[in-house]
Structures are given as structure tokens and as C-alpha cells.
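Peer 1: Provided herewith is a single structure, encoded as C-alpha cells, for subsequent inquiry.
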Amino acid sequence: MLLKDHYVLLNVSVVDGYGGYPIENTFVEVRENEIAAVDSMKAYKKKPDIQEVDLDGYYVMPGLNDAHVHLAGGRGDFVYGETEVLAEPKMVRAMRSVYEAQKILKRGFTSVRDISWNGLYLKRIFGEGILPGPRVIACGPGLSRTGGHSDLFQYTEDYVKEQHFWGVLADGCEEIRKCVRRNLREGADQIKIWASGGDNWANDLNTDVHYTFEEIKTCVDEAHMLKGTLVCAHAENNEAINMAIDAGVDTIEHGEDLDEETAEKMVEKGIILVPTLGMLVNWFTDMMAIGEDAEKMIRPDVFLHRTVDQKQDEDYQKKVVQKTIDSFCLAREKGVKIALGSDTVYEPLTPYGEYSALELKEMVKYGMTVPEAIKAATLTAAEALGMSHRIGTIEAGKNADLLVVKKDPTSSVEVLYNPENIQFIILNGRLAVEEGRFAY
Ligand SMILES: [Zn+2]
């Protein structure tokens, strides 16, 4: 199909992104990159020189957004993980990240928030309109303390500083301030900080707090000086979550340790939770090496005293997973804003695109209705991206990021999970994907 600069999709059912069900007999008019009008077919009057596309029986909804991906371009399994990624040349990773982003777009995700160096440059390349790719909201590399979640102890500190793909090491308020300014200089739209550990290694337990309150506050204040710049904080334990909230961050990543008070505080301040449910509830089965694989892992014995009493048996795993589910359910119950974020990190562990779509299913599995999950992936994710003034809903004046779907996406979460149901993916008014193939 060829779409002109000014066209109208006729006789469609619209799922607007606000969490409701389809509105039938509607038209969506697009002029250049924007939605020009959305209204009932009864109100439709043909304008001169407009291209009419009759899509009777089809559904139109906003493009999906994934608020947590790493377009780092690496390849790693769960035995070697990040160490494998770090060993490859930066250029290889940069080029591979184009493929990763394109795979995400093909599953209907028209915007992503990326945490890696590559996002800073992918956003320019895709923005030029030469290659099809999603709109990238770039955090650039996240801020990690030395010896934190984004440090790789298997390499020397110098090598890590030189080669890291999704992090920079920053300690103390002055270094943090400088790092934030450097990221912003390079084109970052948001700032990511690891307020807690993330369980990649023994000095990185997710029960550990990794920055002081003053350090997180400095990061937030510095980022917020450039108005509209949001801060997302990786925080997996209650203490870190509370510190991040009090320091004024805009989104909490993972956040699987909420209690009532913390959830209420998030509601009050309008802070968004990006629960990365799929990754967390499947952590022990999909993300951890077990048995023989675990033996092969590069884990220095020197750190063993930290975990020597921690038996990660089935009981322990069940408890951890249940806590994650309970925390998510509590957030939903209390009315915390929840945005979809998959934490796709590298293949083959987390297949790009598929893993984003999987998160929709996980959110429904653990209690959301399908329209709620769609809202989490459209309007609320757009808010997490700091872009809800431009994307996330179908309204006149917003960018025309649209999915044309063959079946009612609110009828079952399987509809959006199966890419065969997506007829067209339109990005900025331009046809980007037609039946699974790039249109340019
Ligand atoms: Zn992540």
C-alpha cells in the first residue's frame, strides 16, 4: 500500500489508548506526521485531495511503547551474560543494535526507551527516516556506582569504563553531576540510575542499596534542571525505592518490593512503576544458570561470604517470585501508574520484539484486564517516555503512530502477541511495516 501525505482511514474501530474498548464506525485522518482528526463516520466529509483508505472491519490503535529496553547489540547466554557482550567490538554491537530496534518495531512497538550508548545514536539514524526503526527515547548509559550493577568485575576498571554498553561508573555528587551533563550533551532524553543492586553478581545483590540519598538527589536535580528530562531509577528493595521516590525520580524500574505506604506515595507523586514482570517472575527459570551451567559461571569465590548462607532452592525462588507478583498486584490495587517495560537485554536470552509483546501477556496473567495492559503499553508507557504530549493515544494533534489490527486487540491479549494480526504499522504518519515486512 502507498500512503500519501494526507490520508484518511475509514470505517475503523478505534482503541484510543485510554484503557477502553473499541469505538466503532470511526475515521482517522492523518496529515503528514500528525493525526488531523478522529471522529464518527457520521461526521465524515471528504476533503479535496485526500487519499481515502477503506479499512472496514479493522481496528486502529496507538503504536505500542516499551519503556525499558537495552539496545546494546550484544549476544550472550545466561552463563557468560554481560562478559560475553563486553568482549565484542563496539562497532559490531552498534550495528547489531539496528537489527534489535527493527525487530521491536515489527512487533508493533513504535517507541522505546533505551538504556545503552547505542540509543543515543539510533535515535538520530531512525529520526532521519532513512531506515525503518522505532522512535528511540535515549537514556544513554545508566549511572552505576563503582562495583555496582553496571560494573563488570571480571574486567579491569579501565576496560569497563572504555567498553561498557549500558552503563557508566559515577561516584559522589560531583561525578554524578558531570555524568548527567555528559549524557545530556550527547543527546540523552532521560537519565537512568541504579539505586539498588540487580543480582548480576555477589556484590550486586538486589537487596543492597547502591547510592546514598544525596547522590540520587543530585542526579535528579541535575537532570530536572533541563525541564522535561525524566529520571528512571532501578530500585528493587523497599529502602532504595523509598530513597528514589523521596529524591524525586519519575519512574521506578522493577520495584518489586512495594508496601502500602510506598505504593501510596507513588500515587500521590504520580511516579510510574515499570515492573518488568516477565523478566522478574521468570528470573530463576529463564535468566539464571542452574546445575551444570551454574558451574561454568564466572563467579569469583572471593565474594562467596556474601551469599554463602543464601540457599536459592525452590522454596526460596517461589517466595521471591510471589513477592514480585504481590508487589505488582498491590501497585495495581492502589492505583499506581503502571507502564510496560520488558527489560529486553540481549539475544538469545531475551528475543527483541517478542519479549516486549510477552510483557503484555504477563501483565494480564497477573491481573490486568486486556484494555488495562494496552493502556500500560500506550498512554502510560508514553508518560514514562516523557512523550505523552506527542504519542500514546489517538487524538488530533498527536503524532500518527498507529497500528492497524485485523482483530479486536481488547478481545484477548493473544491478538497483539501474534504479529500476524498486525496489518500495518504506521510511524509518524508513514507506513513502516506492512504484514510483517518493512515498507521502505
Ligand atoms: Zn534493564
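Peer 1: To the nearest 20 Debye, how big is the dipole of segment 1-60 about its Cα centre, given +1 on the beta carbon of each Lys and Arg and -1 on that of each Asp and Glu?
Peer 2: Dipole of segment 1-60, to the nearest 20 debye: 160 debye.
Peer 1: Checking the cross-link filter: which lysines have an alpha carbon closer than 22 Å to that of residue 178, excluding same-chain neighbours under 8 positions apart?
Peer 2: 161, 192, 217, 227
Peer 1: Give the span of segment 64-384's Cα atoms along each principal axis, as three whole-Å numbers ordered largest to smallest.
Peer 2: 51, 46, 39
Peer 1: With axes computed from alpha carbons, what is the tilt in degrees of helix 354-365 against the longest principal axis of the chain, rounded to the nearest 10 within 0 to 90?
Peer 2: The angle comes out near 90 degrees.
Peer 1: Quick check on packing: order 119-129, 354-364, 141-151, 248-258 by the mean number of other C-beta atoms within 10 Å, highest mean leading. Present the calculation step by step, with values, prior to reporting the outcome.
Peer 2: On the way: 119-129: 18.4, 354-364: 22.8, 141-151: 24.5, 248-258: 26.4.
By packing density, highest mean first, the sequence is 248-258, 141-151, 354-364, 119-129.
Peer 1: For the chain, with every protein chain kept in place, what is the accessible area per residue (1.4 Å probe, Å²)?
Peer 2: 41
Peer 1: Share of the chain's accessible area from carbon and sulfur, percent, 1.4 Å?
Peer 2: The C+S portion of the solvent-accessible surface of the chain is 50 percent.
Peer 1: If I fit a long axis through the Cα atoms of helix 172-186 and take the longest principal axis of the Cα atoms of the chain, what angle between them do I get, 0 to 90°, rounded to 10?
Peer 2: 30
Peer 1: Put a dot 7 Å past each Cα toward the Cβ at residue 408 and residue 99; how far apart are the dots in nm?
Peer 2: Using points 7 Å along Cα→Cβ, the separation is 4.0 nm.
Peer 1: On to the next question. Per residue of the chain, what 222 nm ellipticity follows from adding -39500 (n - 2.57) for every DSSP H run with n ≥ 4, rounded to the nearest 500?
Peer 2: Helix-only estimate at 222 nm: -10000 deg cm²/dmol.
Peer 1: If packing is taken as the average number of other Cβ atoms within 10 Å across a peptide's residues, how do 233-242, 324-333, 202-211 rank, most packed first?
Peer 2: 233-242, 202-211, 324-333
Peer 1: Based on Cβ point charges of +1 for Lys and Arg and -1 for Asp and Glu, what charge dipole magnitude is obtained for segment 64-384 about its Cα centre, in debye rounded to the nearest 20?
Peer 2: It comes to approximately 1400 debye.
Peer 1: What residues of segment 359-390 lie in the reach of a label at residue 286, counting those whose backbone N is under 15 Å from a point 7 Å from the Cα along Cα→Cβ?
Peer 2: Counting only backbone N, you get 359-366.
Peer 1: What is the antiparallel percent of DSSP beta bridges lying wholly in the chain, to the nearest 5?
Peer 2: Here the antiparallel bridges make up roughly 45 percent for the chain.
Peer 1: Let me ask you something else. If I take every Cα pair under 8 Å that is 6 or more residues apart in segment 33-117, average their sequence separation and divide by the length, what percent do I get for the relative contact order?
Peer 2: 38
Peer 1: Can you give me the angle between helix 90-106 and the longest principal axis of the chain, using Cα atoms only, in degrees from 0 to 90, rounded to the nearest 10?
Peer 2: For helix 90-106, the angle is close to 40 degrees.
Peer 1: Where a ≥ b ≥ c are the square roots of the eigenvalues of the C-alpha gyration tensor, would you call segment 146-240 rounded, which needs a/c under 1.5, or, failing that, prolate if a/b is larger than b/c, or oblate?
Peer 2: It comes out oblate by the Cα gyration axes.
Peer 1: Can you compute the charge dipole magnitude of segment 52-129 about its Cα centre, using +1 on each Lys and Arg Cβ and -1 on each Asp and Glu Cβ, nothing else charged? Give it in debye, rounded to the nearest 20.
Peer 2: Around 340 debye, computed over segment 52-129.
Peer 1: Find out how many positive minus negative residues lie around residue 176, taking Lys and Arg as positive, Asp and Glu as negative, among other residues whose Cβ is under 13 Å from that of residue 176.
Peer 2: Net of charged neighbours comes to 0.
The values are calculated or read from the model by the stated rules, or taken from the named source; none is laboratory data. Given the structure is predicted, the values throughout are model-derived calculations rather than measurements. All Cβ positions, even for glycine, are placed from backbone atoms using ideal geometry, and neighbour counts span all protein chains on display. The protein model used for the area step is the full one, side chains on, heavy atoms only, and it has no ligands, DNA or RNA in it. Shrake-Rupley method; radii C 1.70, N 1.55, O 1.52, S 1.80 Å.
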